[in-house]
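Q: Pasting in a structure now, in structure tokens, and then I'll have a few things to ask.
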Amino acid sequence: MVRYDNPMVEMIHRYEGFVRIHSHGNIKGILDYIAEMKADAIDPIEPPPQGDVELGYVRQKYGNQMVLFGNLEISDIENMPSDMFREVVRSSIKAGTEGAGRGFVLMPSSSPCSRDISEPTLRNYQIIIEEIHNLS
């Protein structure tokens, strides 16, 4: 990974750009390599079972180096009861903002696959907006 991606990262930085590495799934084993390349951000952070790493761990170990994106799984948005999903959103905001760090962007790790979005799914998207709005 570093061998192939690092030259691109260096070139982007040379021209004052920002590098956001996009990698789904089990990223725990490659986070050190992403940090070694001096990526500016990682997207998406996916908690188990879709991924293999908790946001709090990534924030603590790499949060000063990179902006972190994600932590909301589309399966939760589509299937989780709204009261439970609200707690997932709140705990994600807490884990993504605790302590020092470059930044955190709460976002779904992917988008709905169907064109028709169910009412419960729409309600869970509204919860994301409500909880972010409540921070201000």
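Q: Only one residue in Pro112, Pro48, Pro81 is within 24 Å of Glu131 (Cβ to Cβ), in contact with a helix residue (DSSP H, G or I) (Cβ under 9 Å, 6 or more places away or on another chain), free of Cβ contacts under 8 Å to residues at least 60 places away in the same chain and surrounded by fewer than 14 Cβ atoms within 10 Å (Cβ to Cβ). Which one?
A: Criteria check complete, one pass: Pro81.
Q: Still on this structure, please answer the following. For Val9, state whether it is over 19 Å from Thr97 (Cα atoms), out of contact with any helix residue (DSSP H, G or I) (no Cβ under 8 Å at 6 or more places or on another chain), hydrophobic (A, V, I, L, M, F, W, C) and buried (at least 18 other Cβ atoms within 10 Å of the Cβ).
A: yes
Q: Residues being part of a loop (DSSP other than H, G, I, E, B), within 16 Å of Asn71 (Cα to Cα) and among the charged types (D, E, K, R): count how many of those fall in the stretch 88-136.
A: The number of residues fulfilling the criteria is 1.
Q: For the stretch 91-117: of the residues being at pLDDT 95 or above and polar (S, T, N, Q), which is nearest to Asp40 (Cα to Cα)?
A: Thr97
Q: In the stretch 86-136, which residues are of a type in the set (Ser, Thr, Tyr) and under 14 Å from the mean Cα position of the chain (by Cα)?
A: If the condition is that a residue be of a type in the set (Ser, Thr, Tyr) and under 14 Å from the mean Cα position of the chain (by Cα), then Ser91, Ser92, Thr97, Ser109, Ser110, Ser111 are the ones that fit.
Yes/no per residue for (1) under 13 Å from the mean Cα position of the chain (by Cα); (2) at pLDDT 95 or above; (3) of a type in the set (A, V, I, L, M):
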| residue | (1), (2), (3) |
| --- | --- |
| Met1 | no, no, yes |
| Met11 | no, yes, yes |
| Tyr15 | no, yes, no |
| Phe18 | no, yes, no |
| Gly25 | yes, no, no |
| Gly29 | no, yes, no |
| Ile34 | no, yes, yes |
| Asp43 | yes, yes, no |
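The values are calculated or read from the model by the stated rules, or taken from the named source; none is laboratory data. Every value quoted in this text rests on a predicted model; they were computed, and no experiment measured them. Note that we place each Cβ from the backbone using ideal geometry, even for glycine, and neighbour counts take in every protein chain shown.
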